[in-house]
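*Asks:* A single structure is presented below for examination.
Taken together, the values in this text are just the output of simple stated rules run on the coordinates, not laboratory data. Everything numeric in this text was worked out from a predicted model, so none of it was measured. All Cβ positions, glycine included, derive from the backbone under ideal geometry; neighbour counts span all protein chains shown.
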Amino acid sequence: MSMRQTLDFLLSDWLHAQDLSSRERFAEHSAETFGAVLDSCERIAAEKFAPFNRLSDVEEPRFDGERVHLPEPTAQAVRAYAESGMLAASQDYDWGGMQLPCVVEMAANAFFSKASVAMGAYAMLTSGNANLLLAHGTPMQREVFARQELAGRWFGTMCLSEPQAGSSLSDIVTRATPDGADFAVDPLGPRYRLKGNKMWISAGEHELGENIIHLVLAKIPDAEGRLIAGARGISLFIVPKHLVNAEAELTGERNDVALAGLNHKLGFRGTSNCLLNFGEGRFTPGGAAGAIGYLVGQPGEGLKCMFHMMNEARIGVGLGAVMLGYAGYEASLAYARQRPQGRALTATGKDASQPQRPIIEHADVKRMLLAQKSYVEGGLALALFCARLVDEQHTGTPEAAKEARLLLEVLTPIVKSWPSEWCVEANSLAIQVLGGYGYTRDFPVEQYWRDNRLNMIHEGTHGIQGLDLLGRKVTMDGGQALLALAGRINTSVQQALQEPSLAALGNQLAAALGQVGGATKKAWSTGQPEEALANATPYLQAFGHLVLAWLWLDVVCHLGERDEEFARGKRSAARYFFAYELPKIDAWLGVVARREALCREMQDEWF
């Protein structure tokens, strides 16, 4: 069964994406137009991205002191993506968009993530950058910057981390000071001069387009020149690599943004990753040092604005992790079907005179393939479900939009973290299926693992997602988001209980939901955050497995009476997840419920 078959089933039979055409925003679309978009993206990914995925890894970005060099196929692939209209896929027609539902956009982008996640990152970052500006920028900022990005003329980044701060954004020290007495009258927005350093900036320097638009977090000093402590002091700025005017024309002047060096990574090598210096004086726009930046939104609201891009990116990160896992699953499945090794066991032992069997006939290889199938197909369902919630939040009835918002609140940490852990495990299992060959560059599975390992880190590590989930999402508004999710899970349980073949799984899921709810209460029973959150990551893992078990149960409920190989495969993957994976939550929730103090009380010297 092809990935496309699974994608079509999830979109049509499970999520009923075609029904969105009845809503005003999507009225010009149909199941046929959605299918045509998927066909086009599948073709472009197969022709322009996949054949050069290994090249982008081997010939990683190179800086000669003046320019960053990328393989030519990267530029060709990015141009093909831009020309397809996918940069503006979900935007209004007035912005050159197609007004596609988010769930269809995500499904279409799955092909690019699977073909070459590193080559596709330039476009994904640009789209997210433009989406943020459309949501929070001024009309002029949207017209000058976002429109050029959506057209593929300019590209975009997000500049958050700093060498000394990492994920602790409240500790950034990049500063932005008003650029002269008339800083507030620039048509592009209040103009500031930025000085500081940003680290780990994906796509921070390249020549794929004529400009790069950096969205930079920085702090505006107070009257005494001091930076406001904490997240309240963070503002957001547009900092173009090349200065532009109000007509979206390059002025010919280079902004004071300089590449200090490239980071050389384990994976994702095809995406340039940069240390950028802002305002070091290498360039002097307007005759002065300091990178010129234009304020987005209000001072002190930078993190609020940036989270618009980050939350969208977290669904994208989860989908990217899924597709790398999917690529490894398909490669190891194909290998297992043609690789002969070992013979059947009988009561009297092996008969060496008999021919070897394909390794897919061995139970342990089937276990590894089933694990991969349950992870990647379940992860795909998770990412598409969250994208469908985005559509419901934006275009549904007020009641449906409210529920979608609550569900997204509690599922965003899961959609980012669960695939980035378990689809990496899928890649590891793919290597194991191939044995020694999997460890070589003769086969692609080692690159998929290296590329995917980054997803556990960027857009918020596992630890951060766990703190967000247990520390905020499940307790916010009196636990409304958790109650909304529990309601959905219980609906699926009741449906499963009506089917004799699924009743046992329904009861198992109901018990798991009770375990998570009980552990949540016990974690917070003392009201001490240090005690409750010391085991936030095991809680995240258990919560994620609960969600995936629910989605698998809901998916197989939608198979109905189907009994072909496709349906049998889905039911087998669901059975695997309930038999081998869901029981793991007992150990994870045990340390959460008793507020295990070991990791919190461990002393530095004891290591």
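*Asks:* Per-residue counts of other Cβ atoms within 10 Å, averaged by peptide: what ranking do you get for 220-232, 27-39, 197-209, 569-581, highest first?
*Replies:* Numbers: 220-232: 11.9, 27-39: 15.2, 197-209: 21.9, 569-581: 18.7.
For the peptides 220-232, 27-39, 197-209, 569-581, the packing ranking is 197-209, 569-581, 27-39, 220-232.
*Asks:* Still on this model: Considering only Cα-Cα distances, which of the following residue pairs are longer than 21 Å: 416/522; 114/265; 114/416? Numbers along the way, then the final one.
*Replies:* Values: 416/522 25 Å; 114/265 19 Å; 114/416 17 Å.
Check vs 21 Å cut-off fails for 416/522.
*Asks:* Put +1 on the Cβ of each Lys and Arg and -1 on the Cβ of each Asp and Glu in segment 156-299; which of 215, 289, 266 then has its Cα farthest toward the positive end of the dipole?
*Replies:* The Cα lying farthest towards the positive end belongs to 266.
*Asks:* Right, something else. What size of dipole, in debye to the nearest 20, comes out for segment 156-299 about its Cα centre when the only charges are +1 on Lys and Arg C-beta atoms and -1 on Asp and Glu C-beta atoms?
*Replies:* Working: 13 positive and 15 negative charges, 105 e Å.
So the magnitude is around 500 debye.
*Asks:* Then there is this: Excluding same-chain residues fewer than 8 positions from residue 402, which aspartates and glutamates have a Cα within less than 17 Å of its Cα?
*Replies:* Those aspartates and glutamates meeting the cut-off are 391, 392, 477.
*Asks:* Treating only the Cβ of Lys, Arg, Asp and Glu as charged (+1, +1, -1, -1), what charge dipole size does the chain show about its Cα centre? Round to the nearest 20 debye.
*Replies:* Details: 57 positive and 70 negative charges, 270 e Å.
Using only the charged Cβ atoms, the result is roughly 1300 debye.
*Asks:* Next question, about the same structure. Across every pair of different alpha-carbon atoms, what Kirkwood hydrodynamic radius in Å does segment 487-529 reach?
*Replies:* Numbers: mean 1/r = 0.0875 Å⁻¹.
After inverting the mean inverse Cα-Cα distance, the result is 11.4 Å.
*Asks:* Report the normalised scattering of segment 1-130 as log10 I(q)/I(0) at q = 0.10, 0.14, 0.17 Å⁻¹, calculated by the Debye formula with identical scatterers on the alpha carbons.
*Replies:* -0.36, -0.65, -0.90
*Asks:* Of the listed pairs 521/570; 198/373; 350/373; 219/584; 48/373, which have alpha-carbon separations greater than 32 Å here? Provide the component values of the computation, followed by the final result.
*Replies:* On the way: 521/570 34 Å; 198/373 39 Å; 350/373 30 Å; 219/584 44 Å; 48/373 27 Å.
Among 521/570; 198/373; 350/373; 219/584; 48/373, the Cα-Cα distance tops 32 Å for 521/570; 198/373; 219/584.
*Asks:* With the radius of gyration and the Kirkwood radius both derived from the Cα set of segment 462-607, what is their ratio Rg to Rh? All intermediate terms of the calculation are to be shown ahead of the outcome.
*Replies:* Numbers: Rg = 17.2 Å, Rh = 16.3 Å.
Rounded to two decimals, Rg over Rh is 1.05.
*Asks:* Explain nothing, just compute: Karplus ³J(HN,Hα) = 6.51 cos²θ - 1.76 cosθ + 1.60, θ = phi - 60°, for every residue of segment 402-413 in order, whole Hz, x for Gly and Pro.
*Replies:* Karplus values, whole Hz, x for Gly and Pro: 5, 5, 4, 4, 5, 5, 5, 4, 7, 8, 4, x.
*Asks:* Then there's this: Roughly what angle does helix 31-44 make with the longest principal axis of the chain, taking Cα atoms, 0 to 90 degrees, to the nearest 10?
*Replies:* The angle comes out at about 80 degrees.
*Asks:* In segment 47-126, what GluC sites (Glu not before Pro) fall in a loop by DSSP, with at most 15 other Cβ atoms inside 10 Å? Display every interim value, and only then the final one.
*Replies:* On the way: sites: 47, 59, 66, 83, 105; in loops: 59, 66.
Qualifying residues, ordered by number: 66.
*Asks:* Next question, about the same structure. For segment 1-73 and segment 467-527, write down the distance between their C-alpha centroids in whole Å.
*Replies:* Value for the Cα centre distance between the two parts: 34 Å.
*Asks:* To continue, here is another question. Compare the Cα positions of 491, 81, 505 along the charge dipole of the chain (+1 at Cβ of Lys, Arg; -1 at Cβ of Asp, Glu; about the Cα centre) and return the one farthest towards the positive end.
*Replies:* Farthest along the dipole direction, towards plus: 505.
*Asks:* So which GluC sites (Glu not before Pro) in segment 524-574 are both in a DSSP loop and have at most 15 other Cβ atoms within 10 Å of their Cβ? Don't jump to the answer; show the numbers that get you there.
*Replies:* On the way: sites: 530, 531, 561, 564, 565; in loops: 561, 564.
Loop-located and lightly packed - 561, 564.
*Asks:* Next question. Helix-only mean residue ellipticity at 222 nm, the chain, DSSP H runs n ≥ 4 weighted -39,500 (n - 2.57), per residue, nearest 500. What is it? Write down the numbers at each step before the final one.
*Replies:* Values: 18 runs with 290 residues, N = 607.
Helices in the chain give a 222 nm mean residue ellipticity of -16000 deg cm²/dmol.
*Asks:* Also, I was wondering about something else. Write out the GluC sites (Glu not before Pro) in segment 244-283 meeting two conditions: DSSP loop, and at most 11 other Cβ atoms within 10 Å of their Cβ.
*Replies:* Values: sites: 247, 249, 253, 280; in loops: 247, 249, 280.
Here the GluC sites (Glu not before Pro) that fit, given the DSSP loop and packing criteria, are 247, 249.
*Asks:* Taking amide H atoms as placed 1.01 Å from N in the peptide plane, list the residues 5 or more away in sequence, or in a different chain, whose amide H sits under 5 Å from that of residue 244.
*Replies:* Close amide H contacts, sequence-distant or interchain: 251.
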